[in-house]
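These notes are about the structure you will find just below.
The values are calculated or read from the model by the stated rules, or taken from the named source; none is laboratory data. None of these values were measured; they are calculated from a predicted model. When we count neighbours, we look across all protein chains shown, and the Cβ atoms used for this are built from the backbone with ideal geometry, even at glycine.
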Amino acid sequence: MTREELETAIGRGEQISGQDFAGAKLAGAKLAGGLFEKVSFKGADLTGADLRESVFRGVDLTGAALAQAKLGHALFNQSSLQGVVLAGADLVRATFIDVDLERAVLSGTRLEFTVLNKCKLMHADLSGAQFFKTVLLDVPINGAKLAGAHMQSVALLDGDFTGCDLKGFTAQQAFLQGGKFAGMDLSGLSLVGCQLRNCDLSGVKFRKAVLEKTGFMDSKLQGADFTGARLANTVFSGADLTGADFSSADLSQAHFQKAKLIRARLDKARLDMGQLTDADCTAASFKGCEASYTDFSRSVLDGADFSDANLFKAKLHAVRDQATRWPANKAIAYGTDPDQLEAENWRPA
């Protein structure tokens, strides 16, 4: 089938099945609305082609060139796009289901309202890609290049970011549940208003990162380094922060309810108006910490060091403080409220 015959068939609404266009020269072809089933475009040149609202089922696009192609509202199902070049392509509202995009080049692409379900993005090049209200479900992304990419209002569940290049990567209001980032260096990254719930972030470096209003609920953050990070209004409820370092970080109005801060360092951090209720701060260091108006109610502070900390009107209600080192001005903090303690311990007869 020639290019002209293909365009004519598509124009008539005919389904293209079992055809072989491997290596074909189809740059700029007008194929919008095409229905392709078990077709081979392996190594074909579809640069700048119009494929809007097209459907690809069981199609082989391995190594094909689709740079600058128009793929808005296209559907790819059980197809191979390994090593495909989609740089600068328009993927607005495109849907990918069970598609292999390993080592695909998507640099500079627009993935707005795009859905990727059970797809492979390992070692793909997503440098400078723009994700807006994109949904990625069960999508391995380890080893991918995300340098300069931006995610806005994105949902990415169970994503493995191990080995990804995230230099200059930014995200805002992204939901990254179950993500794997263990041991990565994310220093200086901007993740404002994001939710990293139940993620593995153990040993991650967040030095001087911008993480304001971000949630790390129930995440693993053992040994994470937040030195100098901006963490105002961030939520760490239920997170494991054993051995984490928050030295000189801005944690004003941060939430640590029921978090593990065993042996964590918060030296010279801003913790004013923070919430550390029911937290385990055993042997944690708060030396020189600004903790005015901070609520430590019912927390374990055994062996913690508050030397030179400012506890002005901090709440130390019902804390455990065996072998705790307190500052000389501890008296400016509020102690246990007997009426509140009685109410908390009340049980029906």
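Numerical summary
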quantity	calculated
Pairs with Cβ under 6 Å, 6+ apart, first in the stretch 47-75 and under 18 Å from Ser17 (Cα atoms) and of a type in the set (D, E, K, R), second part of a loop (DSSP other than H, G, I, E, B) and modelled with pLDDT under 95	none
Residue list for the stretch 51-68, filter: over 11 Å from Ser79 (Cα atoms) and among the acidic types (Asp, Glu)	Glu53
Selection count, the stretch 311-331, where residues are in contact with a Ser or Thr (Cβ under 9 Å, 6 or more places away or on another chain) and either in contact (Cβ under 8 Å) with a residue 24 or more places away in the chain or farther than 21 Å from Ala283 by Cα (or both)	4
Filter result (outside any loop (DSSP other than H, G, I, E, B), under 15 Å from Phe76 (Cβ atoms) and out of contact with any Phe, Trp or Tyr (no Cβ under 7 Å at 6 or more places or on another chain)) within the stretch 21-50	Leu35, Glu37
The stretch 102-145 - residue that is of a type in the set (A, V, I, L, M, F, W, C) and touching a Ser or Thr at 6+ places or on another chain (Cβ under 6 Å) and, of those, surrounded by the most Cβ atoms within 10 Å (Cβ to Cβ)	Leu111
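Residue by residue, here is whether (1) touching an Asp or Glu at 6+ places or on another chain (Cβ under 8 Å); (2) within 23 Å of Gln222 (Cα to Cα); (3) touching a residue at least 40 places away in the same chain (Cβ under 8 Å) holds:
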position	(1), (2), (3)
Lys258	yes, yes, no
Ile262	yes, yes, no
Ala269	yes, yes, no
Thr277	yes, yes, no
Gly288	yes, yes, no
Tyr293	yes, no, no
Gly303	no, yes, no
Glu342	no, no, no
